[in-house]
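Comments concern the structure below.
What follows is calculated from the coordinates using simple rules that are stated; it is not laboratory data. None of the values given here were measured: they were computed from a predicted structure. Here the Cβ positions follow ideal geometry from the backbone for every residue, glycine too, while neighbour counts run over all protein chains shown.
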Amino acid sequence: MSKLAHSMSSQYLSIAQDLARGKRSEIHFLNGLIVKRGEAPGIATLTNRVLWVLVKLMEGSGHRAAV
């Protein structure tokens, strides 16, 4: 297991890759969907909401993430 973890240390999530390229990510379809589905029954999805908002802000600012 540690060999696998070590070999993947230079890998980045697709969202990080998208931000580094200045492209829109799939955050809306991942964390955004969880937030939306949680709203109807009144389930708080605070971590997902924060991640969703932060990535959307980075996308809108034209910020390129360093990977």
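Worth pointing out:
- Residues satisfying the stated conditions in segment 3-20, i.e. assigned to a loop (DSSP other than H, G, I, E, B) and either surrounded by 10 or more Cβ atoms within 10 Å (Cβ to Cβ) or among the polar types (S, T, N, Q) (or both): Ser9, Ser10, Gln11, Tyr12, Leu13
- Hits in segment 23-38 (condition: of a type outside the set (D, E, K, R) and surrounded by 12 or more Cβ atoms within 10 Å (Cβ to Cβ)): Ser25, Ile27, His28, Leu30, Asn31, Gly32, Leu33, Ile34, Val35, Gly38
- Residues being more than 17 Å from Leu57 (Cβ to Cβ) and free of Cβ contacts under 8 Å to residues at least 40 places away in the same chain - total across segment 14-32: 2
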